[in-house]
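The values are calculated or read from the model by the stated rules, or taken from the named source; none is laboratory data. Note that this is a predicted model, so its numbers are computed, not measured. Positions of Cβ are generated from backbone atoms using ideal geometry, with glycine treated the same way; all protein chains shown enter the neighbour counts. For accessibility, only protein heavy atoms count, side chains too; no ligands or nucleic acids. Shrake-Rupley method; radii C 1.70, N 1.55, O 1.52, S 1.80 Å.
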Amino acid sequence: MFGTGSVSYEVQSRREGRWRIEGAYTDQEAALSAARSQLAATGVEEAKVVKFRTIAGLSLETVILHKTVPQTQRKGLTLGGTAEGAPFCRTPDDLRGFESRVVIGRLLRPYLDAQRITPTELLHSWPLFRRLEEQGALLGAAIHAAARHHADVHGVSHAARARELRQLVEAVSGAARDALAERRRLPHFDAADLLGTSGAIDGAVGHEGHDALFLVLLSQHLEAGGPLGGKLDMLLALIGDDVEPRHLVLLDGVIADIMGSADTVKELLGAQPSLHAGLGALADALFDRDPDPALAPMAPSLRRVCRLALEGRLPQSRAVLVERLRQSIAGDQPLDRRDAKVEAVLTHDLASRLKGADSATLGGAAMEKALERRLLRHRQSVLRAQGMHDIADRLAGR
């Protein structure tokens, strides 16, 4: 009696708690297909198809599809290590210093690697710092970890030290925010003329403010670098034979930050067959020895860092790489998972390759202790495998 009327379909989606219309269709299958596509899109929480039918001036509305996207529980970022060795910072410059950045890199390693940034960039870029603050309790956890370490080592109040550290962090981030606000008035970073860049910086903020502003501009320059390996290439491109000492110190600091990323160093080392092969290749590079042709080639950028470190031009980067060697040797991972019996042989081989022409061990007494610890653990495992647990335990206490 009323006729067939008209039929249309509307596809709607909900993003960040708000519904919006994605499109209108006259064909039901086309509308359902569009809704399914929405359910697969990033950020969509729900999608539905509403059928509208108009008969004799009356509009009938029917939901023929309504689905919710299953929400996978996101794993929150956590601290990547301890605050051991955290210096007792009293000024913003202390917080930006090398020892402090090493600890920041350790504490925030999962976050820094995920964001593909260095501690230097984090401390000198307001957008990067603000992004960290948006991670909820991560920044607070890092501050309290350092405050707890200071309380244990120096006997200060944990709560009071946490407040002091928070004030230092706010001072550093505030300086980065102010630099961003003045970005158009700041000198331009000229990668081809670092002397000219520094001259302009000195004219703008004076010699005392040079380093902080230089690193702000350098951090902006590195934004185009992408992964940490790409940023390393950009930094090394700035180090010519005639680079000024004050520039080399600043560049070395950022390169050392990159060397603090275990994932980046592994990538630069190449696909090595074992931990022993990777550590041996890094040790050889730090002495500028010819690489083993049977192993995967090392990235030229890492080899150049090691060569510059051997020449004494990148002392901070050298310290970080030597510490990486020490930590890996002191760790529990077997030197070759394929054959546990060769652990002692491989450890002695590393001990030999860690010695220079003067027979001194790279990393000194701390490295020798790490080698001894690895050999001791191997002896204990052999004894326990033979049922001699008491003797193995006595070795640990000697």
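Before moving on, here are some points about what is shown:
- Measuring only protein heavy atoms, the 1.4 Å probe finds C89 accessible over about 10 Å².
- Span-like helix criteria (full DSSP H runs; alpha carbon extent of at least 18 Å along the helix axis; mean Kyte-Doolittle hydropathy of at least -1.0) are satisfied in the chain by 138-154, 158-181, 245-259, 315-330, 364-385.
- The residues packed around M388, meaning those with a beta-carbon under 12 Å from its beta-carbon, carry a net charge of +1 if Lys and Arg are +1 and Asp and Glu are -1.
- The largest accessible area among H210, H378, H221 belongs to the first residue in H221, H378, H210, and the rest follow in falling order (1.4 Å probe, all chains).
- For the peptides 337-349, 307-319, residues were scored by their other Cβ atoms within 10 Å and the scores averaged per peptide; the highest-first order is 307-319, 337-349.
- The range 171-213 and the range 224-286 have Cα centres spaced 25 Å apart.
- Farthest toward positive dipole pole in the range 61-193 [+1 Lys/Arg, -1 Asp/Glu at C-beta], among V63, T118, A147: V63
- The range 282-352 - convex hull of the alpha-carbon atoms, volume per residue in Å³: 103 Å³
- Largest-first ordering by accessible area, 1.4 Å probe, given options K67, K355: K67, K355
- Positive-end ranking of A83, F189, L222 along the dipole of the chain, with charges on Cβ about the Cα centre, is headed by A83.
- Shown for the chain: lysine pairs separated by 8 or more places, or found on different chains, whose C-alpha atoms are under 23 Å apart, numbering 6.
- Mean-position separation - Cα centroids, the range 123-137 and the range 32-47, in angstrom: 31 Å
- Pair-distance distribution of the chain: all C-alpha pairs, bin width 20 Å, starting at 0; shares per bin in whole percent are 21, 41, 26, 11, 2, 0.
- Dipole check for the chain: with +1 at the C-beta of Lys and Arg, -1 at the C-beta of Asp and Glu, and the Cα centre as origin, the magnitude is about 1360 Debye.
- From helices alone, the chain scores -17500 deg cm²/dmol at 222 nm; the rule is -39500 (n - 2.57) for each run of n ≥ 4 DSSP H residues, then divide by the residue total.
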